[in-house]
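Data first, discussion second: the structure below is written as structure tokens.
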Amino acid sequence: MNRLLILFLMVSLVIGCGDGKKGKDVPDDQVVAVESVINEKVAFPIYDFEGLEPLLHKDDGQTYIINFWATWCTPCLEELPYFERVRAEQKNNGVKVILVSLDMPHMWKSRLEPYVKNKGIQSEVVILDDPKQNDWIPKVNEEWGGGIPATLIYNKYKRGFFEQGFTYEELNSTVQTFIK
């Protein structure tokens, strides 16, 4: 029942966040300012799913941890320090963390940017602004019910999807299976 409620809330929230604009094609090492629907510049790349999808299928020798989260999701916020810790500890092992925010456009300036700044988040942060969640959720993982936090971990040899929150120990242990 809780899972169904979370899915319903996420679907309801995501439906209202699209503005019909396509994501911007941005090189991995470039951050751009894009106007949000409330006409404010945003410091993170904004993608529709088509623009985000290449980040989910890189084959460059690195291990990617792609975490889907939002500032309104308490379990997401509880686990973010663990992603930051694993990023710092494993960066020399070719591990890259990308935090995909599912915050709504009106939250980008008021919540997302201050949160990232105040917490000193060093991982790459991108925004997914695509209201067609029924189309893109199964493209991330066929078994994903749409709840967050959710994490995709992959490299060219292995791929795993986790619709759960992590403790540091769980996340670190899981990542270790990808880098060995």
- Query: Any chance the range 85-103 includes a residue that's touching a residue at least 40 places away in the same chain (Cβ under 8 Å), in a helix (DSSP H, G or I), of a type in the set (A, V, I, L, M, F, W, C) and within 27 Å of PRO131 (Cβ to Cβ)?
  - Reply: no
- Query: Does the range 106-115 contain any residue that is part of a helix (DSSP H, G or I), modelled with pLDDT of 95 or more, out of contact with any helix residue (DSSP H, G or I) (no Cβ under 7 Å at 6 or more places or on another chain) and within 27 Å of ASN172 (Cβ to Cβ)?
  - Reply: yes
- Give me the pairs, please: first residue somewhere in the range 40-60 and within 10 Å of ASP130 (Cβ to Cβ), second residue anywhere and surrounded by fewer than 20 Cβ atoms within 10 Å (Cβ to Cβ) and of a type in the set (D, E, K, R), beta-carbon distance under 6 Å, and either six or more positions apart or on two chains. ASP48/LYS22
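Could you tell me whether THR71 is of a type outside the set (Gly, Ala, Ser), under 16 Å from VAL125 (Cβ atoms) and touching a residue at least 24 places away in the same chain (Cβ under 8 Å)? Give the derivation first.
Working: of a type outside the set (Gly, Ala, Ser): yes; under 16 Å from VAL125 (Cβ atoms): yes; touching a residue at least 24 places away in the same chain (Cβ under 8 Å): yes.
Criteria met by THR71.
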- Note on the structure: Those residues of the range 59-75 which are out of contact with any Leu (no Cβ under 9 Å at 6 or more places or on another chain) and either under 18 Å from GLU169 (Cβ atoms) or in a strand (DSSP E or B) (or both) amount to THR63, PRO75
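Could you run through the range 123-156 and say how many residues are of a type in the set (Phe, Trp, Tyr) and either out of contact with any helix residue (DSSP H, G or I) (no Cβ under 8 Å at 6 or more places or on another chain) or within 27 Å of ALA43 (Cβ to Cβ) (or both)?
Residues of the range 123-156 that are of a type in the set (Phe, Trp, Tyr), as a first pass: 136, 144, 154.
Those still in the list that are either out of contact with any helix residue (DSSP H, G or I) (no Cβ under 8 Å at 6 or more places or on another chain) or within 27 Å of ALA43 (Cβ to Cβ) (or both) too: 136, 154.
Of the residues in that region, 2 qualify.
Looking only at residues in the range 144-174 that are in a loop (DSSP other than H, G, I, E, B) and of a type in the set (A, V, I, L, M, F, W, C), which one is nearest to the chain's Cα centre (by Cα)? Steps first, answer last, please.
Step one: filter the range 144-174 for residues in a loop (DSSP other than H, G, I, E, B), giving 144-149, 155-158, 163-167.
From the residues that got through so far, the ones that are of a type in the set (A, V, I, L, M, F, W, C) too are 144, 148, 166.
Numbers: TRP144: 14, ILE148: 10, PHE166: 14 Å.
Among them, the one singled out is ILE148.
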- Task: Please state which of the following conditions ARG85 fails to meet, knowing it meets all the rest: (1) in contact with a helix residue (DSSP H, G or I) (Cβ under 7 Å, 6 or more places away or on another chain); (2) surrounded by 15 or more Cβ atoms within 10 Å (Cβ to Cβ); (3) farther than 26 Å from ASP59 by Cβ.
- Result: (2)
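Being touching a Pro at 6+ places or on another chain (Cβ under 9 Å), crowded, with 19+ Cβ neighbours inside 10 Å and not in a loop (DSSP other than H, G, I, E, B) is the requirement here; does VAL125 meet it? Spell out the reasoning first.
Numbers: touching a Pro at 6+ places or on another chain (Cβ under 9 Å): yes; crowded, with 19+ Cβ neighbours inside 10 Å: yes; not in a loop (DSSP other than H, G, I, E, B): yes.
When the stated conditions are applied, VAL125 passes them.
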- Failed condition for TYR47, given (1) loosely packed, with under 13 Cβ neighbours inside 10 Å; (2) of a type outside the set (A, V, I, L, M, F, W, C); (3) at pLDDT 85 or above; (4) touching an Asp or Glu at 6+ places or on another chain (Cβ under 8 Å): (1)
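The values are calculated or read from the model by the stated rules, or taken from the named source; none is laboratory data. Here the structure is a predicted model, which is why all the values come from computation and not from measurement. All Cβ positions, even for glycine, are placed from backbone atoms using ideal geometry, and neighbour counts span all protein chains on display.
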